[in-house]
Amino acid sequence: MWLKDSSIGRKLVMSITGLALVLFLLFHGSMNLAVIFSEDAYNTICELLGANWYALVATLGLAFLVVVHFLYAIYLTIQNRMARGKDRYAVTAKREGVEWESENMLVLGFVVIGFIVLHLYNFWFKMQFTEIMHMTGFHDFSVSEFGPTDGANMVKALFTTPIWGQVYCVLYLVWLGALWFHLRHGVWSALHTMGFNNLKWMKRVKCIGNVVATLVVGLFAVVVFYYLGAGIGMLCA
Ligand code: HEM
């Protein structure tokens, strides 16, 4: 199949799934901002995204995108290494004009996905999964002191509990740093693959990559810094 067997087909799959995931992140980051302004509004959004049929379909779609993006990334890297053969050992110095992140996209991807697993435990497992368990008859299933739609208190507890809250804030900021490098190059590369690769577009596409990565990471970072400040304030009080 062309999407699997040709190099451009594989890159196209990476680009489309990657850009769709960026759209999810823009939605998720904007949604999270609500927690700063109104806890009730945030909990209403969490309730809408709970174990309803449309939220479950969206979650399955999202999981499909992540799995395809991840598997193709590994496949593409193996194919590229095999194509370069022994040549890849010949060059050890940094290649002129090649950005650090473009050479380390797979490693950055592993860091991002590793933190996603921890994040899903912190929130998705205690919210949507808990609701699914309740709906399927396991009414006593509970892994959090908060109700499955009380996202505001879960976020607050994760980021402000003395010491562990501040550790989590730092961990999330490290995650966001890796995400920024991954998105900056990923968006550039996706647009490049989609044909925006002539001299006129090269600089614009690089700028778009920087803006999108900064916007996405900025949306999440605002929330983390907000609670880091609140947590430190509580510690000092
Ligand atoms: C300040 C940072 C963040 C906060 C406060 C936050 C909060 C949440 C919450 C409350 C949920 C559960 C929603 C529900 O099940 O009803 C969730 C789910 C999720 N988050 Fe985050 N999030 C943050 C950052 C991120 C980042 C950076 C990523 C990805 C790189 C991410 C990916 C996800 C995914 C994949 C889900 C599962 C979505 C689903 O159930 O369909 N989150 N997050």
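Below, the figures for the structure above:
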{"item": "Under Karplus coefficients 6.51, -1.76 and 1.60, residue-wise ³J(HN,Hα) of the stretch 203-214 in Hz, glycine/proline x", "result": "5, 4, 5, 4, 5, 4, x, 5, 5, 5, 4, 5"}
{"item": "Net length gained if the chain between PHE138 and ILE163 were fully extended (0.36 nm per residue, minus Cα distance)", "result": "5.6 nm"}
{"item": "Karplus-derived 3J(HN,Hα), 6.51/-1.76/1.60, for each residue of the stretch 171-177, Hz, glycine and proline x", "result": "4, 5, 5, 5, 4, 5, x"}
{"item": "Cα centroid separation, the stretch 25-63 to the stretch 182-237 (Å)", "result": "20 Å"}
{"item": "Distance in nm between pseudo-label sites at LEU60 and VAL174 (7 Å out along the Cβ direction from Cα)", "result": "3.6 nm"}
{"item": "Helix-only CD estimate at 222 nm, as mean residue ellipticity for the chain, using -39500 (n - 2.57) per DSSP H run (n ≥ 4)", "result": "-26000 deg cm²/dmol"}
{"item": "³J(HN,Hα), Karplus 6.51/-1.76/1.60, whole Hz, each residue of the stretch 60-66, x for Gly, Pro", "result": "5, x, 5, 4, 4, 4, 5"}
{"item": "Top of LEU106, LEU199, LEU23 by mean-square fluctuation, Gaussian network on the chain, Cα under 10 Å", "result": "LEU199"}
{"item": "The chain: most fluctuating residue of GLU101, GLU145, GLU47 per GNM, C-alpha cutoff 10 Å", "result": "GLU145"}
{"item": "Förster radius 25 Å - calculated FRET efficiency between THR77 and LEU120, Cβ distance, rounded to 0.05", "result": "0.55"}
{"item": "Label-point separation, PHE225 to ILE113 (7 Å along Cα→Cβ), nm", "result": "3.1 nm"}
{"item": "Inter-probe distance in nm under a simple model that places probes 7 Å from Cα toward Cβ, at THR44 and LYS200", "result": "4.6 nm"}
{"item": "Unit charges on C-beta of K, R, D, E only; dipole of the chain, Debye", "result": "1400 debye"}
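Each reported figure results from applying straightforward, stated rules to the coordinates on display, with no laboratory input. All values reported here derive from a predicted model rather than from experimental measurement. Note that each Cβ is placed from the backbone with ideal geometry, even for glycine, and that neighbours are counted across all protein chains shown.
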